[in-house]
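Participant: The structure that follows is given in the form of structure tokens.
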Amino acid sequence: MFDDLDPKDFEETAREVMEACAATDDLAARASTLAEAGLLGVIAPEAVGGLGLPARFAVPILEAAGAGLLAFPLIEAMLLSEALAHAHPEMASALVSGETIATIAWLGTEADGIVAGAPRGEGAEHLLVFRADGSAVLTETAGLSAQLSDQLDTDFASATLRLAGPLTGLELSPDAVATLKDNAQILRAAFIAGSTASCLKQACDLAQDRVQFGRLLSSYQALRHRLARDLLALETMRMGVTRALSNPGEAAPMARRAAWLGAARMGPACAESAIQVFGGMGFTWEVPLHRHLRQMRTLAIQGQAAASVSALAETLISGSSNQWYEEVPDVV
Amino acid sequence: MTTAPKDPGAYGAMARTWLQQNLTGNLRTDRVHETPATLDELKAFEAAMHRAGLAGITWPKAYGGHGLTLREHLEANREIGLAPAPNAVNSIGKELAGPIIQAVGTEEQKLEYLPKILTMENVWCQGFSEPGAGSDLAALRTRADRTSDGWVVNGQKIWTSGASKSQRCLLLARTGVKEDRHKGLVLFAVPMDTPGIDTREIRSIEGHRHFCEVFFNDVVVDEANMLGAPDEGWSAATRVLSIERASNRMYRSWRFESELDHLITACRSDARTYAILQGYARDLAEVRIEIELLKGHVETLVEALLAGEEIGPSGSLPKLYWSEAHQKFARIAAEIVARFPTDAGQPLLDAKARMEAIYLASRAETIYAGTTEIQLDIIAKRILNLKKAA
Ligand SMILES: Cc1cc2nc3c(=O)[nH]c(=O)nc-3n(C[C@H](O)[C@H](O)[C@H](O)COP(=O)(O)OP(=O)(O)OC[C@H]3O[C@@H](n4cnc5c(N)ncnc54)[C@H](O)[C@@H]3O)c2cc1C
């Protein structure tokens, strides 16, 4: 299936679209630019106007978005159009066509009365809010007061929203929410890989341009090795994403988790590394490396990477299923 | 001999069942309290693995292999990795000499050398490094001169793993002068019982006597034992080496996972050691993530090789990644077992001995098969193409 199409076919288009999006301040204009190129609905079913392609086709688009610092809830659009396609096809269609913009409050639940980490929460018309029972509700943002969640988050401008009592709107079941969160891991990892690739490219370009002590910076082994390590990190992330999407059977849940947690850890480290390679220039507002750092940290926070590592730690020491060590007595 | 089963996972299931029945007693690396397996026992086990279809999987049937693909190789290696199985005695034969012979050997050489590698009649060693030529292998000085009696080899090799227990040496020597660097290098399959070869064991940090110095004094090597033409042998060998660097011991990530499983299981056999384990849970979770990402390297590579893609310098990525990930695990594991109580039970003592051995052994992993610094140089130069001058 899809033999005539290659995810790589989307690379060029995606890059151009991200450039066009960066050239406008208008969120709705970005939505229609993305939609016209078919990028919002790439994994959404054809019935709602999507292309119905497997998730690996979203990877180059998300990489381009990460590299291009796309200030738009793209991950959310992809996840919601897929999650709503069957139960609420009109809404899914509206998201795919860019007619309406929805985002997700990744942190907090309805019961808290306040939710946070909603990318472009101030401009989106709809907001998915999680509930303590595992379900979620897609509510309208009109009338909700929004403020920036995190000073460090510039491009996504994620919002904290105060809820006015119980919410009404389209509902997602706990199963649908679990799937959405699971898929989010891979989409975020791909986004981070794009952001990392951009940082690495910028650092390599600078190192091969700037001269100190009469030699190119890229002639110094300390920097060459630093950049080589960053490439290793980038390729490790990418292979993690590829494997997670390649249907590895019973290994799938761990493969997804590792792809995501690996990206969340390595991505920001590569941005930090690129800042170091740039020297004083790296510490300026003008050089966009800090925006990549902010963007990747924001994704890590929204995906609750730190807590997720702790949860993995708990599961890990709760015992192993390796049958070779079955005979060892378990006393705890 | 086994033939390829059609449904995915079946080959792995076959391997698992075989291991359950045959990997027993002192062959298991998690039973350190038993008398260690002898070299003969290990060789017999490895030969049996081959007969059962767990080794020589991708080699042509004409040369004693099973004629299957890297996919079955990967499936079997997942199971080999998850099991506490010993490392291969003849990995140089199977994963280095064998593939090189398949690439550059004559038909006679293939028929002569390859089956005996799999049956364990011939264990091979790799005579590349020299006292003055380690990372800078092209500086090697061991000479091979063509005479009317055949080639005459003079020189010294060092760090030659398993040389004192091997029947054949994959020897890299020089036909011209040292200044020729990569030119004029020639590869031989040298019988280790040839007069003039003197092998001296070197004690490693683990206390074992496994790697050796090998001296060649007017060693006469038959023309028929030359692999490829002079020069050609080396260039073909480097191609093979880059694939091998990336794909050898394919079970590694699953073995690392198995070591981690062993450590956790053992710690859970005593409330006191479980309390210690809890303090390291987050560090171990980070390691577990790295092990899983290493599987991504391996499986992506297998797909690329199956699709006929060139590997080239990208083999440095998994080498660098696995060696450092394993060292990180080993360091944490060694710290945990060092805190085990003095009256710890047998499961804990077994795990302790295994983790201590892994800790020391892992120190070599960033040195052999190209040091970390050399891998980083390769990545910077040949993958990132970073300029050194404007
Ligand atoms: C357990 C073990 C088994 C081995 N088995 C075999 C075997 O079977 N057959 C065989 O032929 N060889 C074998 N080797 C040898 C191995 O390949 C060499 O040790 C390795 O290539 C490094 O060479 P060296 O020891 O001479 O160190 P050197 O090359 O002298 O390196 C010393 C240090 O300098 C660094 N260095 C070197 N060059 C550079 C550079 N350009 N830039 C920055 N840093 C640099 C290295 O990274 C290292 O840290 C084995 C080694 C070990 C430890």
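Participant: Show me the helices (runs of 4 or more DSSP H) found entirely inside segment B:312-390 where at least 1 residues are touching a residue at least 40 places away in the same chain (Cβ under 8 Å), within 14 Å of the ligand (Cβ to nearest atom) and more than 30 Å from A:C204 (Cα to Cα).
Facilitator: It comes to B:346-362.
Participant: Could you list, in sequence order, the residues of segment B:137-177 that are away from the ligand (no atom under 16 Å from the Cβ) and charged (D, E, K, R)?
Facilitator: B:R143, B:D145, B:R146, B:D149
Participant: Could I ask something else about it? It is to be established whether one or more residues within segment B:320-335 are farther than 15 Å from B:E259 by Cα and open to solvent by 10 Å² or more (accessible area, probe 1.4 Å).
Facilitator: Checking segment B:320-335: at least one residue is farther than 15 Å from B:E259 by Cα and open to solvent by 10 Å² or more (accessible area, probe 1.4 Å).
Participant: Now for a different question. Would you mind telling me which numbered condition in (1) open to solvent by 50 Å² or more (accessible area, probe 1.4 Å); (2) part of a strand (DSSP E or B); (3) more than 16 Å from the ligand (Cβ to nearest atom) B:A224 fails?
Facilitator: Going through the list (1) open to solvent by 50 Å² or more (accessible area, probe 1.4 Å); (2) part of a strand (DSSP E or B); (3) more than 16 Å from the ligand (Cβ to nearest atom), B:A224 breaks only (2).
Participant: Still on this structure, I have one more. With the structure loaded, tell me whether B:T342 is at the interface with another protein chain (Cβ under 9 Å from one of its Cβ atoms) and open to solvent by 10 Å² or more (accessible area, probe 1.4 Å) or whether it fails that test. Before the answer, list the steps.
Facilitator: Values: at the interface with another protein chain (Cβ under 9 Å from one of its Cβ atoms): no; open to solvent by 10 Å² or more (accessible area, probe 1.4 Å): yes.
Taking the combined requirement at face value, the residue does not satisfy it.
Participant: Of all residues in segment B:248-282, count the ones that are in contact with a Lys or Arg (Cβ under 9 Å, 6 or more places away or on another chain), open to solvent by 20 Å² or more (accessible area, probe 1.4 Å) and within 7 Å of chain A (Cβ to nearest Cβ).
Facilitator: 1
Participant: Just to be sure before I move on: is A:G68 in contact (Cβ under 8 Å) with a residue 40 or more places away in the chain and open to solvent by less than 10 Å² (accessible area, probe 1.4 Å) in the structure I sent?
Facilitator: no
Participant: Still on this structure, I have one more. Could you count how many residues in segment B:378-389 are open to solvent by 50 Å² or more (accessible area, probe 1.4 Å), at the interface with chain A (Cβ under 7 Å from one of its Cβ atoms) and out of contact with any strand residue (DSSP E or B) (no Cβ under 9 Å at 6 or more places or on another chain)?
Facilitator: 1
Participant: Looking at this structure, is B:N87 loosely packed, with under 14 Cβ neighbours inside 10 Å and within 19 Å of B:M120 (Cβ to Cβ)?
Facilitator: Yes, satisfied.
Participant: Also: Within the set of pairs 6 or more residues apart or between chains, which connect a residue that is more than 25 Å from B:K387 (Cα to Cα) inside segment A:222-246 to a residue that is hydroxyl-bearing (S, T, Y) and modelled with pLDDT under 95 with Cβ atoms less than 7 Å apart?
Facilitator: Hits for this filter: A:M239/B:T300; A:T242/B:T300; A:R243/B:T300.
Participant: Can you find, within segment B:283-317, the residue that is nearest to the chain's Cα centre (by Cα) among those that are within 23 Å of A:V328 (Cα to Cα) and at the interface with another protein chain (Cβ under 7 Å from one of its Cβ atoms)?
Facilitator: Here the answer is B:R288.
Results for (1) touching a residue at least 60 places away in the same chain (Cβ under 8 Å); (2) within 14 Å of another protein chain (Cβ to nearest Cβ); (3) buried (at least 19 other Cβ atoms within 10 Å of the Cβ); (4) not hydrophobic (A, V, I, L, M, F, W, C), shown as yes or no for each residue.
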| position | (1), (2), (3), (4) |
| --- | --- |
| A:M254 | no, yes, yes, no |
| A:W260 | yes, yes, yes, no |
| A:G267 | yes, yes, yes, yes |
| A:C270 | yes, yes, yes, no |
| A:T284 | no, no, no, yes |
| A:S308 | no, yes, no, yes |
| A:A313 | no, yes, yes, no |
| A:W324 | no, yes, yes, no |
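Participant: Go through segment B:175-203 and report how many residues are modelled with pLDDT of 95 or more and touching a Lys or Arg at 6+ places or on another chain (Cβ under 9 Å).
Facilitator: Matching residues across segment B:175-203 total 7.
The values are calculated or read from the model by the stated rules, or taken from the named source; none is laboratory data. The model shown is predicted, which means the values in this text are computed figures rather than measured ones. Neighbour counts run over all protein chains shown; Cβ positions are idealised from the backbone, glycine included. In case anyone asks, the SASA skips ligands and DNA or RNA and just uses the protein heavy atoms, side chains included. Shrake-Rupley method; radii C 1.70, N 1.55, O 1.52, S 1.80 Å.
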